[in-house]
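One structure is given below, encoded as structure tokens.
The values are calculated or read from the model by the stated rules, or taken from the named source; none is laboratory data. All of these numbers come straight from a predicted model, not from anything done at the bench. All Cβ positions, even for glycine, are placed from backbone atoms using ideal geometry, and neighbour counts span all protein chains on display. Accessible surface areas use protein heavy atoms only, side chains included; no ligands, DNA or RNA. Shrake-Rupley method; radii C 1.70, N 1.55, O 1.52, S 1.80 Å.
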Amino acid sequence: MRCTTLLITVLTLLVFSTSLNAQVKSVEKEAERQGTKRINRKIDKGVDKGFDKIEEGIGSLFGKKKKKKKKGQAEQVNTSTETSSESAVGNSSAQSPLQAQAMDVQWSKFDFVPGDEVIFEDGPDIMEENGEFPSRWDLETGQVEIAQVNGETVMMFLDGGKIIPYLENSKEDYLPDVFTVEFDFYTPKGGNRFSFYLTDTKNQPNSVSQEFEVTPIRVSTPGGDYVEHSERDYTYCKNGCWTHVSVAFTKGKLKVYLDETRLINIPHYEHNPTGFTIYPYFADASENKAFYVKNVRIAKGGVKYYDRVLSDGKIIVNGIRFDVNQATIKPESNGAINKIFELMQKQLDLNFSVEGHTDSDGDEAKNQTLSEQRAKAVMDRLISMGISANRLKSAGWGESKPLAANTTAEGKANNRRVEFVKFQGNAAPSGSSSSIGNSAFDKLDKKAIGAKLEELPETINIPVSNPDGIVNGAGTVILFATSDGNLGKMEILDVDESDNYKLTVKYVTYNYNGSIHSQSDHFEIPGTYTCDFDKGTIENVIYSEVDLRLGRESKTNTTLYQGETSMLRIL
């Protein structure tokens, strides 16, 4: 009876869809373009929902259910690989073939490295005029305008909107054999799919469309197959969210990533990518469902990192990104940093000077300081991952060493870079780069920290701000014991009230024998983030390894909370 009901539902939906499509085609002769488009849009949404219900019914009919992770299940993650292991059941040394065997699985879910020569980039530029069509693009259909969203300049798709890069050679195949594409798109509350094409659909009309449909939780390929994000469900992004999309093509091999997870991995892609098109078909500002796009970059791939070191003595990396005017490393930079980390692990005699460079926008002195801070942030990340500090040093060159003219967006993008320059011998011990210091912090070693932790009054949390302002800001020293049992110290260098009360701190953790386990002179903890001092990271921190959480109780109240097995004490 259940099968019969399901088949009747399928047939009814198909007949209903066919009937509606026929009605729309007959109305097209009379209706205005916008009205027809919205009717078609609503039909597509209705059919999508109907087929979703059918798929759910078929899944339950045959007993197929998506596996869910048990509550509290731990997952061991580091910045280069995701590791999953299962223990065999029982204590017997001789297992039968039916018994589970211990598995040690190493899986890299984010190996994206951006191309090293930018051939098209659009932020959009802050000089773009609000309300105008974006100047670096060409329009095929719909309505697209420049807008400001939370202080950022973005492209706003008001009514569909299919756009392509405005290039002189747009009728030709302008994508090389090895290339990467990146962009951020915003899905509004209740928003539907977003499409991009690896062809220029306006200027290359005879090519295969190569349409990819993406949402924050899945990617569909031109063949209609799709892959869902293993850690997201339909509730993810229910109120709207930004998603970073990365595409890597290497001589026939194609990969697509959502944020820091690879979803598509095609070893032999059957088409030839020739261009790029963006098309959020379901964008409709009249229904409060405008889509936004920013940070579009198309880059040509290059030589492997080790080959570059052998030939040039350095590696130029454009794929390490930072927050605007900050030294905070963006998550999409992990792929490039992981490649450097893996190279240094394999080549133990390879030492790098990490050197930051900027474009010429803004104040020259500020650019110099920013380049130094960014280079040091990358160096600190590699040290926190396990590279010995005596194999690394950092420097900043500001805008003084451009690779290209700073007159185009692409030239500026190529000048904003991090270089890894090979050097011989060991790096000299580096002092603090911060002008803010605290003699109490500097005098504390592991033994003194241990004694102080026993003396200081117990505190479960430490307030940072309240309605009266900052209560524990720059200069505050906090002692801690980590979830791994290491002792440490932290000094607050800055509290940024304009950026969700983000903390900038310096810290040191010590091993049992008193040697340094991890440290950083410039470590940023964004509001509502958790932190693992043992690994020196705020990314992918599992619950049992949380040492500290920066919480926001209200607009003005911010508090530092200790982890389940860690300890915090204010000095």
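Computed quantities for the displayed model
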| quantity | calculated |
| --- | --- |
| Lys/Arg +1, Asp/Glu -1 at C-beta; the stretch 441-570 dipole; positive extreme among Ser544, Thr528, Gly485 | Gly485 |
| At most 10 other Cβ within 10 Å, DSSP loop - chymotrypsin sites (Phe, Trp or Tyr not before Pro), the stretch 451-512 | Tyr512 |
| Surface per residue (accessible, 1.4 Å probe) for the stretch 117-300, Å² | 43 |
| Gain in span if fully extended, Glu364 to Asp307, counting 0.36 nm per residue against the direct Cα distance | 17.2 nm |
| For the stretch 463-474, Karplus couplings with θ = phi - 60° (6.51, -1.76, 1.60), whole Hz, Gly/Pro x | x, 9, 8, 9, x, 8, x, 6, 9, 9, x, 4 |
| Per-residue HN-Hα couplings for the stretch 140-152 [Karplus 6.51, -1.76, 1.60; θ = phi - 60°; Hz; x = Gly/Pro] | 9, 8, x, 9, 9, 9, 6, 8, 10, 10, 6, x, 9 |
| Residues whose placed amide H lies under 5 Å from that of Asn351, excluding near-sequence neighbours | Phe423 |
| Cα-Cα pairs of the stretch 200-258 separated by more than 13 Å (percent) | 70 |
| Built amide H within the under 5 Å cut-off of Ala395, gap 5+ | Val354, Glu355, Gly356 |
| Solvent-free Debye scattering, log10 I(q)/I(0), computed from the Cα coordinates of the stretch 117-300 at q = 0.16, 0.17, 0.19 Å⁻¹ | -0.98, -1.12, -1.41 |
| For the stretch 473-571, alpha-carbon Rg over 2.2 N^0.38 Å | 1.00 |
| Where N is the number of residues in the stretch 247-329, Cα Rg divided by 2.2 N^0.38 Å | 1.48 |
| Portion, in percent, of the accessible area of the stretch 310-356 that falls on carbon or sulfur, probe 1.4 Å | 46 |
| Flagged links, alpha-carbon separation over 28 Å, of Lys376/Lys535; Lys255/Lys401; Lys393/Lys535; Lys189/Lys339 | Lys255/Lys401; Lys189/Lys339 |
| Efficiency of FRET between Asn130 and Val324 - r from beta-carbon atoms, R0 25 angstrom, step 0.05 | 0.90 |
| For peptides 232-238, 487-493, 292-298, 324-330, sequence by mean Cβ density within 10 Å, most packed first | 487-493, 292-298, 324-330, 232-238 |
| Heavy-atom accessible surface of the stretch 522-571: percent carbon and sulfur, 1.4 Å | 52 |
| Vicinal HN-Hα couplings computed from phi for the stretch 517-523 (Karplus, 6.51 cos²θ - 1.76 cosθ + 1.60; Hz; Gly/Pro x) | 8, 7, 6, 7, 8, 8, 10 |
| Student exercise, the stretch 226-277 dipole from Lys, Arg, Asp, Glu Cβ charges, in Debye to nearest 20 | 200 |
| Ordering of 335-348, 410-423 by burial proxy (mean other Cβ atoms within 10 Å per residue, highest first) | 410-423, 335-348 |
| Accessible surface, the stretch 305-422, averaged per residue in Å² (probe 1.4 Å) | 42 |
| Spatial extent of the stretch 305-422: Rg and Dmax, with the Cα atoms as the point set, Å | 13.6, 40 |
